[in-house]
Structure formats: structure tokens, C-alpha cells
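This report concerns only the one structure given below.
Bear in mind that the values in this text are calculations on the coordinates, not laboratory data. Since this is a predicted model, take the numbers as computed values, not measurements. Positions of Cβ are backbone-derived with ideal geometry, glycine not excepted, and every protein chain shown enters the neighbour counts.
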Amino acid sequence: MHDGFVKQQEAFTKEYGEKRTRFESQAAAFQEKVQRGGFLSQDRAMQERDRLMGEEQQITKLDQELSTKLAQIQTDNNKQLLDSIMGYLKVYNKDKKYSYILNAGEVLIGDEASNITKEVLVGLNARYSKAKLK
């Protein structure tokens, strides 16, 4: 799950970076052409400026869209992970009969003998390994 997210993030970063680099190169070429008077008319220079501004807006929009997609993927992954943990804990607790299973982030002081984190992690990892083999 994490590896897939990282690959997606790298692909998005690459796509955005390539478009941003190409735009910056075009903008620099435009600036240079303006400074040396390389446009045949003021209208042509303004058309090129407007085109570049539109492209910059598209790149900004792409950045926002990719960021939104990554955030959604991360949210979906977190939900899937939590659902998996909750499913495992329900099965785990059928035998153990705990009244409560608390998130460690909520417990400031507690009896270490009641800490089932390692046992749950071993079980989750075993479950994950079995699922990965299928």
C-alpha cells in the first residue's frame, strides 16, 4: 500500500516537474525575445504572453489536482488500513474477550501487561503475509 502510494507520488511529481521545467524554459525564451525585440509586433508579443499565462494557470491547476488525488489516495489507504486492523481486532477479541481495546495514542499511563500491541502486530503481519501469497 505504502509502496504504491510512493510510486504514484513520484509519478505525479515527475509529471508536474517536467511541465513546470518546460514552462520555465519557454518563459525565459519569451523574456529574452522581448528584451532583444524579437517579436514582429506588439500584438504577437502579447499573444505569446497570454499563451504562457494560460499555460502557467494549467500547471497550477495540475499541481492542485495532483495534490488532491494524492490526498484522496492517502485517505483511502488510511481507511483501508484501519478497516483491516478493526477486522483483525474483532477476530482477535473473540478469544480474548477484552471489554476495551484502546488506541495507544489515547492512553497516557497504563499497565504494561495490558499492552497487546506486539501480539496484535505479529497477528496482523502474519495475516498480511498470507494475503500477499495469494
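Observations on the model:
- Residues of the range 105-134 satisfying the condition of being surrounded by fewer than 10 Cβ atoms within 10 Å (Cβ to Cβ), β-branched (Val, Ile, Thr) and in a loop (DSSP other than H, G, I, E, B): Ile109
- Leu102 vs. criteria aliphatic (A, V, I, L, M), loosely packed, with under 11 Cβ neighbours inside 10 Å and part of a loop (DSSP other than H, G, I, E, B): no
- So Gln64, is it surrounded by 11 or more Cβ atoms within 10 Å (Cβ to Cβ) and in a helix (DSSP H, G or I): no
- Residue match in the range 76-88 (condition: assigned to a helix (DSSP H, G or I) and more than 30 Å from Thr117 (Cβ to Cβ)): no
- Taking every residue in the range 107-127 that is in contact (Cβ under 8 Å) with a residue 40 or more places away in the chain and under 28 Å from Met1 (Cα atoms) and pairing it with any residue that is surrounded by 10 or more Cβ atoms within 10 Å (Cβ to Cβ) and aliphatic (A, V, I, L, M), at least 6 positions away or on another chain, the pairs with Cβ-Cβ distances below 8 Å are Leu124/Ile85.
- Residue in the range 73-96 that is of a type in the set (A, V, I, L, M, F, W, C), surrounded by 10 or more Cβ atoms within 10 Å (Cβ to Cβ), within 30 Å of Ala126 (Cα to Cα) and over 29 Å from the mean Cα position of the chain (by Cα) present: yes
- Consider the range 1-51 and keep the residues that are among the small types (Gly, Ala, Ser) and surrounded by 12 or more Cβ atoms within 10 Å (Cβ to Cβ). The one that is nearest to Lys69 (Cα to Cα) is Ala27.
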